[in-house]
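Worksheet: one structure, shown below.
Values quoted throughout were computed directly from the atomic coordinates according to the rules given, and no laboratory measurement underlies them. None of the values given here were measured: they were computed from a predicted structure. Every residue, glycine among them, receives a Cβ derived from its backbone with ideal geometry; neighbour counts consider all protein chains shown.
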Amino acid sequence: MSKNVKLLLKKSIKSVGKVGDVVEVSAGYARNYLLPQDLAVLPTAGNIRKVEAIRQDIERQERERREQQAALIKQLEGVEVTLERRTNEQGHLYGAVSATDISKALQSQGFNIQAEDISLPGRLDHVDTYIAKVRFADDLTADIKVWVAPDAESKATMEAAKKAATAAAEPAPQT
């Protein structure tokens, strides 16, 4: 049976704790991951003072980043993205539009949005209009309208297929 060890975190670790927290983890996790990766130290008085300075600096950076994200969310209101893709005659894409595609389009418009910040309403694999969500935090979200349109060649193919379908649906003239 291994016992738990108390450590002071030097960096924030998801599902463990934030910088400066004294956490109790298993001895194996501490010995094999946290200590060799220099993510945690023993909670001595000197280490607590050092990590507290790091924590204050990180908290300041987090506040600045959150302010930038809030400003970016305000700028994103009403933003639309149009993506042209190859489709078949029915308007189905040959490959779905991904969050990476949307983030690249937003970056080309001057917005610093990463793919992991975008959540999609499902598969974007058909010519249509979709609403994607940009989320930095639970209270920092914005909706973006994503237009998935056929490219010129696919558009001509879709129109030809539509004409052929309407011509086939009309009754043939009697002679």
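Using only Cα atoms and rounding to the nearest 10 degrees, what angle (0 to 90) does helix 99-108 make with the longest principal axis of the chain? It is inclined by approximately 90 degrees.
Taking amide H positions as modeled 1.01 Å from N, with prolines and chain starts lacking one, the residues under 5 Å from Val5 and 5 or more places away or on another chain are Val25, Ser26, Ala27.
Positive-end ranking of Ile102, Ser15, Met158 along the dipole of the chain, with charges on Cβ about the Cα centre, is headed by Ser15. What do you get for the angle between helix 45-76 and the principal long axis of the chain? Use alpha-carbon atoms, 0 to 90 degrees, nearest ten. Approximately 20 degrees, to the nearest 10. A cut-off of 5 Å between modelled amide H atoms, ignoring neighbours fewer than 5 places along the same chain, links Glu84 with Ala149.
Counted by Cβ distance under 14 Å from Asp38, the other residues give a net charge of +4, where Lys and Arg count +1 and Asp and Glu count -1. A Förster radius of 45 Å, combined with the Cβ-Cβ distance separating Asn112 from Lys3, puts the computed FRET efficiency at roughly 0.50. Taking a straight line from the alpha carbon of Lys3, these aspartates and glutamates sit under 12 Å away, with near neighbours fewer than eight places off in the same chain left out: Glu24. Computed from backbone phi, the HN-Hα couplings of the range 111-121 come to 9, 8, 10, 9, 4, 6, 8, 10, 10, 9, x Hz, rounded to whole numbers (Karplus: 6.51 cos²θ - 1.76 cosθ + 1.60, θ = phi - 60°; Gly and Pro given as x).
Where the only charges are on Cβ atoms (+1 Lys, Arg; -1 Asp, Glu), what is the dipole of the chain about its Cα centre, to the nearest 20 debye? Mind dumping the intermediate values first?
Numbers: 25 positive and 25 negative charges, 204 e Å.
Dipole of the chain, to the nearest 20 debye: 980 debye.
This model, with +1 at the C-beta of Lys and Arg and -1 at the C-beta of Asp and Glu, gives the range 76-139 a dipole about its Cα centre of some 200 debye.
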